[in-house]
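Down below is the structure, laid out as structure tokens.
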Amino acid sequence: MTYLDGAAIVLFLLSWALFAWLTDGARRFGRQSLTRLMNRNRALWIRNSLKRDLRMIDTQIIAGLQNGTAFFASTAIIAIGGCFALLGATDQVLRVYADLPVAIPGGRAAFELKVVGLITIFGHAFFKFGWSYRLFNYSSILYGALPMRDELERAPERSEKLVESAIMMNVLAGRHFNAGLRSIFLSIGYLGWFIGPVVFMASTLLVLAVLVHRQFFSAARQVLADNQAATESQSGEKS
């Protein structure tokens, strides 16, 4: 382990924090992130569901969100198990390193330390996905407590509080799910450390650039931005 390795891990952590700050903020680069735009659509979905007497479609949407979260939580557990298996095969991996035409710095202790770091990343992802699954469960309960249309007219203030609670719980669940995905994506950049610190820094910056592009400059983000602009223009014309 060298000072360059230390610089690479600091860059990795700073990139992680920077991306979290960019996506969770209200407006970056003069535009909202894909995550923020989706949070707005979560609120629109729940409010629109109040107009329906039968909400089986909405409960299926929540169930789909939970199933996706459970899938990634299981994937994180499998990845952690694979990392522990990798620790048990350190000697074989080092022999493979020795046969490679490119010299890879570090020894047994350095390799095991890098694997432990990878386990930590996947462990963080698992806890985020696990908590997100729990929050989606709470969100489904709060959704079930939403008033019917006739109750909306009788007690509008109480109904509005129930709606806001369901929206915020769903947004929180999505936020923790996105944090888990962030860990999974950045673990791809972390794999570059097994080759060397320079590759580690390059792969981290590459992954960061891809994630920033998806959040602020992707076609998916543009679709939501156009939808929001059209909705706001229609509401302005009505007013």
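Summary of computed values
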| item | result |
| --- | --- |
| Full-extension gain in nm, Leu191 to Glu112, via 0.36 nm per residue minus C-alpha separation | 27.1 nm |
| Relative contact order (%) - criterion: Cα under 8 Å, at least six apart; region: the chain | 29 |
| For the range 115-239: rounded, prolate or oblate by the Cα gyration tensor [a/c cutoff 1.5] | oblate |
| Over the chain: helical MRE at 222 nm, DSSP H runs n ≥ 4 each giving -39500 (n - 2.57), nearest 500 | -29000 deg cm²/dmol |
| Between 0 and 90°, nearest 10: helix 90-99 axis offset from the chain longest Cα axis | 70 |
| Global geometry of the chain, whether rounded, prolate or oblate, following the gyration tensor of its Cα atoms and the 1.5 cut on a/c | prolate |
| Reference-scaled alpha-carbon Rg (2.2 N^0.38 Å with N residues) for the range 1-92 | 1.69 |
| Order of Ser165, Ser187 - criterion: other Cβ atoms within 10 Å of each residue's Cβ, fewest first | Ser165, Ser187 |
| Virtual spin-label span in nm between Ala89 and Glu160, 7 Å along Cα→Cβ | 6.0 |
| Crossing angle, helix 156-190 versus the chain [Cα axis fit, 0-90 degrees, rounded to tens] | 20 |
| Net lengthening on full extension, Arg149/Ser218 (0.36 nm per residue, minus Cα-Cα) | 21.1 nm |
| Residues with amide H under 5 Å from that of Arg28, placed H, sequence gap 5 or more | Ser33 |
| Nearest-0.05 FRET efficiency for Asn227 and Met56, computed from C-beta distance (R0 22 Å) | 0.35 |
| Estimated FRET transfer efficiency when R0 is 35 angstrom, pair Leu4-Thr75 (beta carbons, to 0.05) | 0.65 |
| For the chain: lysine pairs under 29 Å (alpha-carbon distance), excluding those fewer than 8 apart on one chain | 5 |
| Rounded to 10°, Cα long-axis angle of helix 219-238 versus longest principal axis of the chain | 20 |
| Average Cα contact separation per residue, the range 125-234, under 8 Å, 6 or more apart, as relative contact order % | 24 |
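Quick note: the coordinates plus some simple rules give every number you see, no bench work behind them. Just so you know, these numbers come straight off a predicted model, no measurement behind them. So basically every Cβ, Gly included, is an ideal-geometry build from the backbone, and we count neighbours across all protein chains shown.
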